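Reading through the structure tokens given below for one structure.
Every read-out reported here was derived from the displayed coordinates using simple, explicitly stated rules and does not represent laboratory data. Predicted model only: the values in this text are computed from it and were never measured. Glycine gets a Cβ as well: all are built from the backbone with ideal geometry, and neighbour counts include every protein chain shown.
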Amino acid sequence: MLDDRKTAILAAVVQEYIATAQPVGSANVARTPSIQVSPATVRSELAVLEQEGYLVQPHTSAGRIPTDKGYRFFVDHLAMPGRLDRTTQLQVGEFFSSAHGQLEEMLHQTSNLLADLTHNAAVVVGPRAEAVAVRNVQLVGLSESAATVVVVFANGSVEHVSLDLFDGDDDARLLAASAHLSRSLDGSVLSGVGELISTGDAGIDKLCAAALARMHTIAAADHVYTGGASEVARAFDAVEIVRSVLHTLEQQFVVVSLVSDIVDRGMSVAIGVEHGIEPLSACSVVVAPVVVDGEHIGSVGVLGPTRMDYPQALATVDVVSEQLGQRIEEG
């Protein structure tokens, strides 16, 4: 554990580097109001902090910058979630008050909201359909051989998937199958449905079974929405880092695994290599679970450089996750 003086000096370096993205020298630290020592003493303490792995000096004549260990100490001991200013609080409240329509659109817009507020890339992981009750099912014919299965869920989300038709699957059979599926699945979660009760009509039963099989592919899909990719491009000078981060954000399985692992470990912040995704080693991730009726149904988070403004990111993610959970609960 660092003593009070080293803690104050480390905090000053982290805050200055977050603000400027430039190595921090002893003279700048000594001018910090909370640092009541000479520049020579600051230089000595900076050297100790570097030896202990909290800081690094990129060039011999340059100041210091925080390491992942330095950021971790800052987050764990010094960076309590900030308080959003009134304007930002009103912006978040108005966004969710006016959010209507399909859940997917709201989740997508939520990722854009987070990106705008934090100037980082944002990730929103929505609930899997397999855990949400079905409200209605419709089979919509597209041609003699193809249809679309449209599923409306209790949380307001709407999913659809293609379906190959059999000989004899006319409009009347599609209508009868839609009615049977809606009656059988209303209020049920797809993960708990194996077989349907027979209608007594072999053609309808065959069509319903095929539609249910296609619906299970919907249920297993992850819902991931990302926003603010352009913020990533502005956050890093190295083109290779930008390319690597953007490529990783395009891989939904990796993003879901990343966010889920952080939440499952009981963490709200993963810094640099802590999250275990090598292409994102120059990034930190701040996440919060979305809770509805006491159940964790999704997550929201932001991803940015390790020098991100942690207090502001923590506060924003917490407020947005809470508001999103309330909005989903209200339907």
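Please identify which residues in the stretch 108-140 have an amide N closer than 15 Å to a label point set 7 Å out from the Cα of Glu295, following the Cα→Cβ vector.
126-135
How large is the dipole of the stretch 176-331 about the Cα centre if only Lys and Arg carry +1 and Asp and Glu carry -1, each at its Cβ, rounded to the nearest 20 debye?
Charge dipole, the stretch 176-331, about its Cα centre: 300 debye, nearest 20.
With everything on Cα atoms, drop me the angle between helix 103-118 and the longest principal axis of the chain, reported from 0 to 90° to the nearest 10.
Tilt of helix 103-118: around 10 degrees.
Helix 68-77 versus the longest principal axis of the chain: what angle, 0 to 90°, nearest 10, using Cα atoms?
80 degrees
Just to confirm a number: summing +1 for Lys and Arg and -1 for Asp and Glu over residues other than Glu330 whose beta-carbon lies under 15 angstrom from that of Glu330, what do you get?
Working: positive: Arg327; negative: Asp293, Glu322, Glu329.
Here the charged neighbours net out to -2.
Which label marks the calculated value of Rg and Dmax of the Cα atoms in Å, given the options (i) 20.0, 60; (ii) 25.6, 90; (iii) 25.7, 109?
It is the value labelled (ii).
Fewest first, what order do Glu16, Glu231 take by the number of other Cβ atoms within 10 Å?
Listing Glu16, Glu231 from fewest to most nearby Cβ atoms yields Glu231, Glu16.
For the stretch 130-219, what is the percent of antiparallel DSSP beta bridges, rounded to the nearest 5? Write out the running numbers ahead of the final one.
Details: 15 of 16 bridges.
If we restrict to bridges inside the stretch 130-219, about 95 percent are antiparallel.
Report relative contact order for the stretch 1-108 in percent, whole number only (criteria: Cα-Cα under 8 Å, sequence separation at least 6).
Averaging sequence separation for qualifying contacts and normalising by length gives 24 percent for the stretch 1-108.
What net charge is computed for the residues neighbouring Glu52, neighbours being all others with C-beta under 9 Å from the C-beta of Glu52, Lys and Arg scored +1, Asp and Glu -1? Mind dumping the intermediate values first?
Details: positive: Lys6, Lys69; negative: Glu50.
That sum, taken over residues with Cβ under 9 Å, equals +1.
For the charge dipole of the chain, defined by +1 on Lys and Arg C-beta atoms and -1 on Asp and Glu C-beta atoms about the Cα centroid, which residue among Thr67, Ala179, Val319 has the Cα displaced farthest towards the positive pole?
Result: Thr67.
Listing Val255, Val48 from the residue with the fewest other Cβ atoms within 10 Å to the one with the most, what is the order?
Details: Val255 23, Val48 13.
Exposure proxy ranking, most exposed first: Val48, Val255.
From Cα pairs below 8 angstrom and at least 6 apart in sequence, can you work out the relative contact order of the chain, rounded to a whole percent? Each step should come with its number before you reach the end.
Numbers: 552 pairs, mean separation 62.5, N = 331.
RCO, the chain: 19 percent.
What FRET efficiency do you get for Ser198 and Glu278 if R0 is 45 Å and r is their Cβ-Cβ distance, rounded to the nearest 0.05?
Working: r = 52 Å, r/R0 = 1.16.
Efficiency for this residue pair is about 0.30.
Taking the 0 to 90 degree range and rounding to the nearest ten, how far is the long axis of helix 310-330 tilted relative to the main principal axis of the chain, both from C-alpha atoms?
20 degrees
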